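Below: one structure, written as structure tokens.
The values are calculated or read from the model by the stated rules, or taken from the named source; none is laboratory data. Here the structure is a predicted model, which is why all the values come from computation and not from measurement. Cβ sites come from the backbone with ideal geometry, for glycine too, and all protein chains shown count toward neighbours.
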Amino acid sequence: MNPPIFTALGGTLGIDFVNTVQHHRGQVVDLLDGPDAVSRWLAFMNHTGRLHTATWCALRPGPWSIERLIEFRRDIRWFLDAKADRQTFLNSLAGAVAEVPLGFRALHEEDHMTLVAIPSMPGSLGLRSLLAFDWLNLMVSGAVNGVTSCANNSCMAYFLDRRGRRKWCSMDTCGNRQKNARHYARQSGLA
């Protein structure tokens, strides 16, 4: 079996950040285990279109405090798991954005204009501010109510379920595994 990889299954940069911790072969694996891993994740997010190249370039110089990023990810997961109240979470997000304000740049791309958030500082603080802004947008728009966890009990992934019908983080992984397990149980007479 392959080692865990970064995914872009969440629907937003902030949700994909939460998914940088995964179960793999019965153990919890942190995909952001060092500055190089954070750099690889940012490059992956840029490649998938979740992170604009201008923002990526602004963040890249570092410095990277892995502890602060992991603590921030833990706070988000606590909120999603209903272990932290909404107002405390909102205050934390607002504080992260206030600590490192975001600037915005209008960029002409092909046939349209794009508004891009650029943190005023690079590295962990800038990334945390950008992620907090993404979560604030989810909260204010009400989309946070559609953030749900994968129905596979051994999966730690969250995703944005826009229609209220999605059960799995991905049909290619968890959904397919569940379908195969049900099929095997039927064939074996266990169901």
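For the condition farther than 19 Å from residue 15 by Cα, of a type outside the set (Val, Ile, Thr), touching a strand residue (DSSP E or B) at 6+ places or on another chain (Cβ under 7 Å) and surrounded by fewer than 20 Cβ atoms within 10 Å (Cβ to Cβ), residue 121 does not qualify. Within the range 119-133, the set of residues being touching a residue at least 40 places away in the same chain (Cβ under 8 Å) and more than 16 Å from the chain's Cα centre (by Cα) comprises 119, 122, 123, 125. Out of all the residues in the range 16-32, is one or more part of a loop (DSSP other than H, G, I, E, B) and loosely packed, with under 13 Cβ neighbours inside 10 Å? Checking the range 16-32: at least one residue is part of a loop (DSSP other than H, G, I, E, B) and loosely packed, with under 13 Cβ neighbours inside 10 Å. Residues of the range 82-140 that are within 28 Å of residue 40 (Cβ to Cβ) and among the basic types (Lys, Arg): 105, 128. Of all residues in the range 134-168, exactly one satisfies the criterion of being β-branched (Val, Ile, Thr), in contact with a helix residue (DSSP H, G or I) (Cβ under 8 Å, 6 or more places away or on another chain) and touching a residue at least 12 places away in the same chain (Cβ under 8 Å), namely 147. Number of residues in the range 105-131 that are in a helix (DSSP H, G or I) and either among the small types (Gly, Ala, Ser) or more than 23 Å from residue 63 (Cα to Cα) (or both) equals 4.
Please tell me if residue 79 is assigned to a helix (DSSP H, G or I), within 19 Å of residue 123 (Cβ to Cβ) and either of a type in the set (D, E, K, R) or at pLDDT 95 or above (or both). When the stated conditions are applied, residue 79 does not pass them.
Residues of the range 85-101 that are under 22 Å from residue 56 (Cα atoms) and surrounded by 17 or more Cβ atoms within 10 Å (Cβ to Cβ): 93, 96, 97, 100. Among the conditions (1) within 23 Å of residue 121 (Cβ to Cβ); (2) touching a residue at least 60 places away in the same chain (Cβ under 8 Å); (3) crowded, with 19+ Cβ neighbours inside 10 Å, residue 45 misses just one, which is (2). For the criterion of being farther than 30 Å from residue 27 by Cα, under 21 Å from the mean Cα position of the chain (by Cα) and surrounded by 14 or more Cβ atoms within 10 Å (Cβ to Cβ), residue 116 passes.
The set of residues in the range 132-182 being of a type in the set (S, T, N, Q), modelled with pLDDT of 85 or more and part of a helix (DSSP H, G or I) consists of 137, 141, 145.
Hey, can you tell me all the residues within the range 51-91 that are of a type in the set (Ser, Thr, Tyr) and touching a residue at least 40 places away in the same chain (Cβ under 8 Å)?
Answer for the range 51-91, where residues must be of a type in the set (Ser, Thr, Tyr) and touching a residue at least 40 places away in the same chain (Cβ under 8 Å): 55, 65.
Looking across 82, 54, 37, one residue alone is under 15 Å from the mean Cα position of the chain (by Cα) and surrounded by fewer than 17 Cβ atoms within 10 Å (Cβ to Cβ). It is 37.
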